[in-house]
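Let me begin by presenting the structure, written as structure tokens, before commenting on it.
Where a number appears in this text, it was derived from the coordinates with a stated rule and is not lab data. Being a predicted model, the structure only gives us computed values, none of them experimental. No Cβ is skipped: glycine too gets one built from the backbone with ideal geometry, and neighbour counts run over all protein chains shown.
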Amino acid sequence: MIIVLKALSNEKRLKILQWLKEPKKNFASSHCDVAKDGVCVGLIEEKIGLSQSTVSQYLMLLQQAGLITTERRGQWTYCKRNEKAIKELVKNLENI
């Protein structure tokens with residue numbers, strides 16, 4: 001639970017999670033369906049305006065916390081929210 005709270009303690013990481021909730025609204029891609037395939041890391045980097053290394057660290061922490069999933073396909077890495085884990089987190093927080 002501590003790693004989840006740490007992941008959520010940063011405004012930019014929260015923003016990424018919010019964007020991934022509605023990928024079609026927040027990202028456009030000519031090489032994939034962002035709702036079905038996930039959002040390419042490069043699109044997240046462009047939108048958030050941070051360095052590639054910073055975005056990679058943010059995404060790694062979100063993944064370690066179980067809040068997102070990533071899938072590597074060729075040279076691209078795609079990210080999606082882990083809705084099941086997020087629902088479980090909300091449920092756990094309600095019981096505190």
*Work out from phi, with θ = phi - 60° and the Karplus expression 6.51 cos²θ - 1.76 cosθ + 1.60, the ³J(HN,Hα) of each residue of segment 39-49, listed in order in whole Hz, and give x for Gly and Pro.*
9, 5, 4, x, 5, 5, 4, 4, 5, 7, x
*Towards the positive end of the charge dipole of segment 2-94, with charges on Cβ (+1 Lys, Arg; -1 Asp, Glu), say which of Thr54, Ala65, His31 has the farthest Cα.*
Ala65
*Computed FRET value (nearest 0.05) for Val90 with His31, which takes r as the C-beta separation and R₀ as 30 Å*: 0.35
_Cα-projected label distance for Ser9 with Glu46, points at 7 Å along beta-carbon direction, nm_ = 3.3 nm
*Counting pairs of alpha carbon atoms under 8 Å apart in space and at least six apart in sequence, what relative contact order in percent does the chain give?*
28 percent
*Can you sort Met60, Met1 by how many other beta carbons sit within 10 Å, fewest first?*
Met1, Met60
*Calculate I(q)/I(0) for the chain by the Debye formula, one identical point scatterer on each C-alpha and no solvent, and give its log10 at q = 0.11, 0.13, 0.23 Å⁻¹ to two decimals.*
-0.30, -0.42, -1.25
*What residue among Leu17, Leu67, Leu50 shows peak mean-square fluctuation when the chain is described by a Gaussian network model with Cα springs under 10 Å?*
Leu50
_Placed amide H near Ile68: partners under 5 Å, 5+ positions off or other chain_ = Gln63, Asn82
*Would you compute, from DSSP H runs of 4+ residues alone, the mean residue ellipticity of the chain at 222 nm, taking -39500 (n - 2.57) per run and dividing by the full residue count, rounded to the nearest 500?*
-17000 deg cm²/dmol
*Around Lys91, what is the net charge, scoring Lys/Arg as +1 and Asp/Glu as -1 over all other residues with Cβ under 14 Å from its Cβ?*
-1
*May I ask you to evaluate 6.51 cos²θ - 1.76 cosθ + 1.60, the Karplus curve with θ = phi - 60°, for each residue of segment 56-65 and list the ³J(HN,Hα) values in order in whole Hz, giving x for glycine and proline?*
4, 5, 4, 5, 4, 5, 4, 6, 4, 6
*Could you size up the charge dipole of segment 2-94 around its Cα centre, putting +1 on the beta carbon of Lys and Arg and -1 on that of Asp and Glu, and report it in debye to the nearest 20?*
120 debye
